[in-house]
Amino acid sequence: MSDLPGMSDQPDLELSVSAVLANNRDVKLLLRVLGKSLQDALGDRVDIKHVGGGRLHRKEGEEVEAIVVRLDPDEYQAHLDGHSIRCTVGRSSGGIRIRNEQLPVEEWLHRLLGALQQEAAGNQAARQALEDLVVGH
């Protein structure tokens, strides 16, 4: 994020997705790091489910089974599925789920980072989450 003329104030999404994936090849580590970064920045808009059914206030480093990120009107879900991550994006309208789409992890991250980028324009917490994901990892 630069103040140089001609440089965008927003990170390049392709580079951001590549950086997140490259630095977190282990899917269990990816879920744990992604969940913690998002929860630190977005608070109760992020739910983390730990292996064994526990939520939230668990020990640092405990295995994460799933994360759910709510960025209206979408809900981004990532679930540990063996040695891979199953990712979905759901859209709700009037409290009713109208669409649920399963995506490859790369596309899911791209959409999540894009949603954070849009929200970051007017929300400091979303901007911090985006910076943490892109710069911090």
Going by how many other beta carbons lie within 10 Å of each one, how would you line up SER37, SER92, SER84, fewest first? SER84, SER92, SER37
Using the Karplus curve 6.51 cos²θ - 1.76 cosθ + 1.60 with θ = phi - 60°, work out ³J(HN,Hα) for each residue of the stretch 64-79 in order, rounded to whole Hz, and write x for Gly and Pro. 9, 8, 7, 10, 10, 10, 9, 10, 3, x, 9, 10, 9, 10, 10, 10
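Bear in mind that the values in this text are calculations on the coordinates, not laboratory data. As the structure is a computational prediction, the values presented were derived from the model and not from experiment. We place every Cβ from the backbone using ideal geometry, glycine too, and count neighbours over all the protein chains shown.
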